[in-house]
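Please read the structure below before turning to the comments.
Any read-out appearing in this document is the output of simple, stated calculations on the displayed coordinates, not a laboratory observation. Worth saying up front: this structure is predicted, and the values here are computed from it rather than measured. Here the Cβ positions follow ideal geometry from the backbone for every residue, glycine too, while neighbour counts run over all protein chains shown.
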Amino acid sequence: MPLFTVKMRKFTPILCLIWIAAGPTAAAPEQPPRLVLQITVDALRGDLPQRHLHNMGKGGFRFLFDKGLHYSNAQYEHGNTETIVGHASLATGTTPALHGMVGNIWFDKDEKRLIYNVEDSRYHLLGSNADVDKSSEIDPTQRVALADGRSPRALLTSTFSDELAYAYNSEAKIFAVSVKDRGAIPLAGQTGKAFWFSKAAGEFITSNYYYDSYPQWVLDWNNNGPLSRFSGKEWELMKPQQSYMFGTDDDQPWETDFPGFGRTFPHAWGNLGDKYFTTLLTLSPAGDQITLDFAKALIENEQLGQDAVPDYLSISFSSNDYVLHVFGSSSLEAEDNLLHLDKTLADLFSYIDKTVGLEHTLIVLSADHGSPDAPPYLNKLGDKNAHYYDMDACMQTVQDGLDQGPYADIEGLLGQFAHPYIYLDQAVLYEADLDTAAVAASVAQLVEQCPGVNAAVTARHTSDSPARNPVLEKRVWNNYNARRSGDVYVALDSNVYVNDFDGLIVATTHGSPWNYDTFVPIFFLGKGIEGGEVSRRVTPYDIAPSLSARLGIRPPSGSVGNPLTEVLED
Ligand SMILES: [Zn+2]
């Protein structure tokens with residue numbers, strides 16, 4: 001049940017233009033917030049907070065519903081709904097076509113290999129324990145990360161946080177924290193500082209892009225045994241099992257069964273020092289609790305929000321995403337994790353109130369993408385079309401087709417498939433003096449013969465070949481960056497997913513252009529912002545320019561979103 005009556009508000013573009021044209025001096029509030037707190041919940045589909053609200057407490061999501069401004073129809077408009085793409089879009093207010101983060105991995109045409117979005121060999125990780133965990137079985141993107149260093153330099157446009165730093169001549173303090181490097185680094189922009197959790201080290205780490213050596217408080221925090229409270233313990237249900245929507249469905253065959261962790265409650269983390277201890281923490285509410293602990297230490301030690309110059313803190317909570325991959329978004333684990341997250345949010349808001357004051361803080365909460373359901377779960381409910389997808393088989397079909405066509409004599413035309421793109425081998429194309437666009441069109445036609453493929457869209461697709469599926473193709477085009485995107489974008493049918501990551505089978509995977517992956521919640525909460533629900537369609541690209549407009553500073557350099565009028569009204 002919505003707690004608010006829906007208020008229909010009229011968009012007032014003329015007033016809005018005047019407001020922006022007036023510039024920072026005239027537009028800036030007399031007292032800007034002391035802290036802008038940008039919260040991201042990884043993979044929080046737009047309907048999920050409402051779905052489980054009846055079991056939640058008072059201070060977390062319910063507080064946002066009661067006091068905040070809720071946009072209940074926010075959709076990304078890019079195709080590859082992966083983590084870095086969404087986080088970069090939240091940070092920059094624009095699409096991957098412009099911010100350049102087209103996927104968690106892409107084929108780098110200069111280095112001629114797959115690269116990971118925030119890897120950068122020029123900036124090594126600080127500390128001897130902080131090697132990138134290449135053996136991670138949960139996080140396949142880390143396994144292709146050949147360079148251990150990290151930086152935001154692959155981000156091609158400025159972030160709200162960058163603009164805040166520029167507006168106040170670097171006096172604004174800018175920080176970002178997450179379990180995932182790709183959940184922290186884009187939000188800190190080029191000018192801020194990012195910290196993320198190393199599963200290998202069991203510590204929050206950073207790179208020498210940001211610091212020459214760790215601040216003392218970070219060393220102290222890491223040395224203080226922050227994980228020991230979970231050692232030998234288990235993830236337990238927060239409430240009586242019968243009170244959950246999925247209370248009778250704990251053991252479902254499509255859930256991933258990690259040895260020791262298992263498919264049913266309670267889930268044991270093992271002991272500090274065990275090989276998978278830190279990984280299992282991140283597959284549970286503990287990952288978010290550790291993130292909050294670290295963020296609190298950051299707020300205290302960096303003295304965020306203590307003076308008139310606005311500071312910025314981004315916190316991205318990753319557990320929801322890991323839990324849905326392993327158990328599915330309609331699972332007892334996902335449901336309980338959200339209740340724990342709700343408590344973590346309540347704890348965060350209460351801490352902010354004590355240290356900075358909620359009246360001095362502008363809060364925005366959203367997600368980097370939504371989340372699909374596991375196909376066997378959908379099958380169980382009657383959808384017989386949902387299924388897992390074997391992309392290797394499709395690539396073989398394409399290769400067989402090429403072997404029978406005009407390019408039969410040319411070996412190695414098909415380069416890499418890196419979701420969602422097929423990259424043709426540029427060297428082979430050059431050697432054979434072939435037209436890339438013509439080959440890509442042939443490949444796309446062959447891809448579309450694979451059952452389960454909805455559309456294969458070529459990079460050179462132009463206005464003289466009108467879109468067959470305008471919504472989907474717009475999302476594909478918003479994902480297209482000439483330097484990084486592949487030659488053919490493969491979009492599978494709705495509720496059809498690849499779930500095999502180099503042999504690790506998971507329950508479900510986001511990354512599609514369909515609404516279950518593009519639909520996210522947006523909440524704003526701050527002094528002077530009237531609460532309520534807005535059902536008008538908006539995009540998460542609107543968030544960064546809204547923050548800029550609210551603070552009376554320049555919008556990010558590539559932002560395509562519109563400042564939300566409800567956020568600007570006092
Ligand atoms: Zn994500």
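Kyte-Doolittle cut-off -0.5, length cut-off 30 Å along the helix's own axis using Cα: show which whole DSSP H helices in the chain pass. It would help to have the intermediate numbers written out before the result.
Numbers: long enough: 332-355 (34 Å, -0.22).
Within the chain the helices that satisfy the rule are 332-355.
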- Query: Based on the mean of other beta carbon atoms within 10 Å per residue, what is the order of 287-297, 447-457, 433-443, most packed first?
  - Reply: 287-297, 447-457, 433-443
- Peptides 66-74, 86-94 ordered by average Cβ neighbours within 10 Å, highest first: 86-94, 66-74
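Indicate the gyration tensor shape class of the stretch 141-231 (rounded, prolate or oblate), computed on the Cα atoms with a ≥ b ≥ c the square roots of the eigenvalues: a/c under 1.5 is rounded; otherwise a/b larger than b/c is prolate and the rest oblate. Don't jump to the answer; show the numbers that get you there.
On the way: a/c = 2.26, a/b = 1.42, b/c = 1.60.
The shape class here is oblate.
Please give the peptides 504-513, 237-246, 538-547 ranked by average Cβ packing (other Cβ atoms within 10 Å per residue), highest first, as a rough proxy for protection. Provide the component values of the computation, followed by the final result.
On the way: 504-513: 23.1, 237-246: 14.0, 538-547: 25.7.
My ranking of the peptides, most packed first, is 538-547, 504-513, 237-246.
Indicate the gyration tensor shape class of the stretch 342-445 (rounded, prolate or oblate), computed on the Cα atoms with a ≥ b ≥ c the square roots of the eigenvalues: a/c under 1.5 is rounded; otherwise a/b larger than b/c is prolate and the rest oblate. If you can, show how the numbers build up before the last one.
Values: a/c = 5.28, a/b = 2.13, b/c = 2.48.
Oblate is the answer for the stretch 342-445, as a/c is 1.5 or above yet b/c matches or exceeds a/b.
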- Query: Could you state the number of Å between the C-alpha centres of the stretch 503-570 and the stretch 55-99?
  - Reply: 5 Å
- Note on the structure: About its Cα centre, the chain carries a charge dipole, from +1 on Lys and Arg Cβ atoms and -1 on Asp and Glu Cβ atoms, whose size in debye to the nearest 20 is 1580 debye
- Item | Neighbour cut-off at most 13 other Cβ (10 Å), DSSP loop, trypsin sites (Lys or Arg not before Pro), the stretch 335-405 | LYS384
- Please list the radius of gyration and Dmax for the stretch 73-132, considering alpha-carbon atoms only, with Å as the unit. 13.9, 45
- Rank the residues THR565, THR264 as a footprinting-exposure proxy: fewest other Cβ atoms within 10 Å of their Cβ go first. THR264, THR565
- Task: Past 19 Å, Cα to Cα, is the threshold; run LYS67/LYS173; LYS67/LYS343; LYS275/LYS343; LYS239/LYS343; LYS173/LYS193; LYS58/LYS343 against it and keep the listed order.
- Result: LYS67/LYS173; LYS275/LYS343
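Once you have a ≥ b ≥ c as the square roots of the Cα gyration tensor eigenvalues for the chain, tell me rounded if a/c is under 1.5, and otherwise prolate or oblate according to whether a/b is larger than b/c. Mind showing how you got there, number by number?
Values: a/c = 1.43, a/b = 1.24, b/c = 1.15.
Judged from the Cα gyration tensor, the chain comes out rounded (a/c under 1.5).
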- From the Cα centre of the stretch 376-401 to that of the stretch 158-180, the distance in Å is 42 Å
